[in-house]
Amino acid sequence: MDSLTLLLDGFATALTPVNLLYALLGVTLGTLVGVLPGIGPAMTVALLLPITFNVPPASAFIMFAGIYYGGMYGGSTTSILLNTPGESSSMITALEGNKMARRGRAAQALATAAIGSFVAGTIATALLVVAAPLVVDFAISFGPEDYFALAILAFTAVSSVLSRSVVRGLASLGLGLVIGLVGIDQQTGQARLTLGVPQLLDGIDVVIVAVGLFALGEALYVASRLRHAPPEVVPVGRAWMGRPDWARSWRPWLRGTALGFPFGALPGGGAEIPTFLSYAVEKRLAKGPAKEEYGKGAIEGVAGPEAANNASAAGTLVPLLTLGLPTSATAAIMLAAFQQYGLQPGPQLFDHNPALVWGMVASLFIGNTMLLVLNLPLAPVWARVLRVPRPYLYAGIVLFAALGVYALNNSWVDLVVLYLLGLLGFAMRRFGLPVAPAVIGLILGPMAEIQLRRALAIGAGDVSTLVASPVAAVLLALAALALLTPLLRRLFAR
Amino acid sequence: MSTPDERDGVVTRDAVPAWRRPELGLALTVLGLGVFVIVGTAGVTAAASTLGLGPRFFPLLVGSAMILIGVCYVLDVLRGGHGDPEESEDVDAAAPADWRGVGLVSVIFLLFAGLLDLLGWVVAAALLFFGLALALGARERLRAAAVAVVLSVATYLAFVKGLGVTLPAGLLDGVI
């Protein structure tokens, strides 16, 4: 069956009243939590994971699609209306967006962000529909050595490209890999690194690690350095924009989409690089009034990066759904959500569970439309959310973190593990270790191990089997390149 | 997006000798974890390792990599390298660390973890929220207490009655 038919079936799944309700719930909660300062998209997904524990898989993923896009969208509202940027992907939006807001153009900044996200999200999701079956066809013949090479590429790319210091990125990755080792070895049933604690035999749940590193880590970090001056929120009415704003926005939206999607799909690409590139491109292309406004609140500098941000979010789903390969922390937590339901994304998922996959893809379109309808009139509500007193905000984050983690196994041991991981997250923030590599290492580590052992078992222990297939050889070469690039750059810079 | 090179221009910033910088602790933890992984899995024997590699192989790889990374990290810190503390909306990166706040949050959370099964979600979560809000600087106690009770009751009702998640009833067993 071709993907268009499957997509129509997906719409049939997603358009049932119950699933529409789940999509609406996901979009609303995602935006609400994403708007909250200090909470990025990854933490949004991690904190909202427990809500889906008792929901059937198809509906749960429809809700997740909404949470994912909603969380992305919420972050941009925060960076436009609040002076200080939060997660790195919407940092660029804050550069021009907040200046626009201060000049009394908050409504237009929010409108171009909302409409741009819708345009970019819709185009990029359409690209996902086209690209996913192609990747699946290609990946169906992948052997264990290819998957191992893919994991290694994701490891090195995320540690070296996304962080300012390679050694700190790798240290973070290693921490994730070590946490992933804890528990019973899946192939031989041997307990590893459990320190004799029976609750650790099943390993440390990804939810605990994500919530600990993100939520509790953030709360402890904030406790150590709380900004005591109250935050300055720019007041805003209904988001709208006039004809000149449309004329200035549509090209940056399209260019941002073109940059965001491919970068999102690449391991280590993420949202930071395309948003930054889009900002730079728009700055260079700016003419006339736009050129004068750049740096003082030009609408192009919001439209482009916001589109790039959302397009990369859709791009991230290509390797996640087709290969089971997360390229960002948010995607890693989404992968964990799949695993909660015993599902492993990859070529087989498209074969065995087309209704679920295409229902989710269809609901991305639906969620995107809902976000647009929801966010233009609701901008004043989100602005009010930004005024939540910080002590209540962080106390609330910890409360929900504890709820989600306790609900996993009803065990207080998990709460202690959560606290220890929170301390680790705190230390990582304080010393500038990126958190994303740890989450990706944790979730991909066990997969890398299984594939490595499988590949070597097939090859009777001969290490050269790991580069026997051309795909694996190319991927490993790219991985080495990703690791060496920063070193080479440093050498040449001297 | 700051400059990728942190080796230069750092030397002047830190007056504290490199070996006393707190980041060294984290670097040594990474190194120590590498050793721990190798030593900790030394006792893992695979009786049924006929299927190729045993359960020690991958930990050995990870442990060795961690030791290598840890050594590089320690050297980097000793040579004056440092990461940039993460920026966030509510964080004043320039402020000195408030250890009292961290300590209070830690104590409150660990007490909550220990008492949750006994007190039940509604009581324990309300106390957790109230304590954390005060520790993080909330002034109006009455309001914080009211928010805490509303939030803990609302989450209990929503998750237990609405979403079918299990949470302990504790003291209020049978009441709620």
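The values are calculated or read from the model by the stated rules, or taken from the named source; none is laboratory data. Computed from a prediction, not measured in an experiment: that's the story for all the values here. As a convention, Cβ positions derive from the backbone with ideal geometry for all residues, glycine included, and neighbour counts pool all protein chains shown.
Here B:Leu111 passes the criteria (1) under 20 Å from the mean Cα position of the chain (by Cα); (2) at the interface with chain A (Cβ under 7 Å from one of its Cβ atoms) except the one numbered (2). Does A:Ala151 meet the test of being in contact with a helix residue (DSSP H, G or I) (Cβ under 9 Å, 6 or more places away or on another chain) and closer than 24 Å to A:Val236 by Cα? Criteria not met by A:Ala151. Screening B:Val102, B:Val123, B:Val165 for residues that are part of a helix (DSSP H, G or I), surrounded by 19 or more Cβ atoms within 10 Å (Cβ to Cβ) and facing another protein chain (nearest Cβ under 10 Å) leaves exactly one candidate, B:Val102.
For every residue, the table says whether it meets (1) in contact with a His (Cβ under 8 Å, 6 or more places away or on another chain); (2) within 7 Å of chain B (Cβ to nearest Cβ); (3) surrounded by 22 or more Cβ atoms within 10 Å (Cβ to Cβ); (4) under 26 Å from A:Leu82 (Cα atoms).
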| site | (1), (2), (3), (4) |
| --- | --- |
| A:Gly174 | no, yes, yes, no |
| A:Leu177 | no, yes, yes, no |
| A:Val182 | no, no, no, no |
| A:Gln186 | no, no, no, no |
| A:Val206 | no, no, yes, no |
| A:Val211 | no, no, yes, yes |
| A:Leu216 | no, no, yes, yes |
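In the set (1) surrounded by fewer than 24 Cβ atoms within 10 Å (Cβ to Cβ); (2) under 30 Å from A:Gly203 (Cβ atoms), A:Pro437 fails one condition alone, (1).
When residues in region A:99-130 are screened for being under 12 Å from A:Val236 (Cα atoms) and over 22 Å from the mean Cα position of the chain (by Cα), 11 of them pass. When region A:410-420 is filtered for residues that are under 27 Å from B:Gly164 (Cα atoms) and in contact (Cβ under 8 Å) with a residue 40 or more places away in the chain, the ones remaining, listed by number, are A:Ser411, A:Val413, A:Asp414, A:Val417, A:Leu418, A:Tyr419.
Only one entry in B:Val91, B:Val102, B:Val147, B:Val107 is touching a residue at least 12 places away in the same chain (Cβ under 8 Å), of a type outside the set (Gly, Ala, Ser) and under 26 Å from A:Val222 (Cβ atoms), namely B:Val147. Taking region A:363-377 as the range and being surrounded by fewer than 19 Cβ atoms within 10 Å (Cβ to Cβ) and either over 25 Å from A:Tyr22 (Cα atoms) or among the hydrophobic types (A, V, I, L, M, F, W, C) (or both) as the test, the residues that pass are A:Leu372, A:Val373, A:Leu376. Of everything listed in (1) under 21 Å from B:Leu132 (Cβ atoms); (2) without any contact (Cβ under 8 Å) to a residue 24 or more places away in the chain; (3) not hydrophobic (A, V, I, L, M, F, W, C), the single unmet condition for A:Arg429 is (2). Scan region A:258-276 for residues that are in contact with a Gly (Cβ under 9 Å, 6 or more places away or on another chain) and either within 17 Å of A:Gly97 (Cα to Cα) or not aromatic (Phe, Trp, Tyr) (or both) and the total you get is 11.
For region A:364-392, a residue qualifies if it is within 8 Å of another protein chain (Cβ to nearest Cβ) and under 22 Å from the mean Cα position of the chain (by Cα), but none of them does.
Every residue, every condition in (1) crowded, with 24+ Cβ neighbours inside 10 Å; (2) at pLDDT 90 or above, yes or no:
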residue	(1), (2)
A:Leu47	yes, no
A:Pro57	no, no
A:Ser79	yes, no
A:Ile92	yes, no
A:Lys99	no, no
A:Arg103	no, no
A:Ala120	yes, yes
A:Ala131	no, yes
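All conditions in (1) of a type outside the set (Asp, Glu); (2) in a loop (DSSP other than H, G, I, E, B); (3) closer than 18 Å to A:Asn410 by Cβ hold for B:Ala138, with the sole exception of (3). Listed by position, the helices (runs of 4 or more DSSP H) enclosed by region A:217-298 that each have at least 2 residues that are without any contact (Cβ under 8 Å) to a residue 60 or more places away in the chain and not charged (D, E, K, R) are A:243-265, A:272-285, A:288-293.
Confirm whether A:Arg429 is of a type in the set (Lys, Arg) and at the interface with chain B (Cβ under 10 Å from one of its Cβ atoms). Considered against the rule, which asks whether it is of a type in the set (Lys, Arg) and at the interface with chain B (Cβ under 10 Å from one of its Cβ atoms), A:Arg429 comes out as yes.
Does A:Val135 fit the bill of being outside any helix (DSSP H, G or I) and either crowded, with 23+ Cβ neighbours inside 10 Å or among the hydrophobic types (A, V, I, L, M, F, W, C) (or both)? No: the conditions fail for A:Val135.
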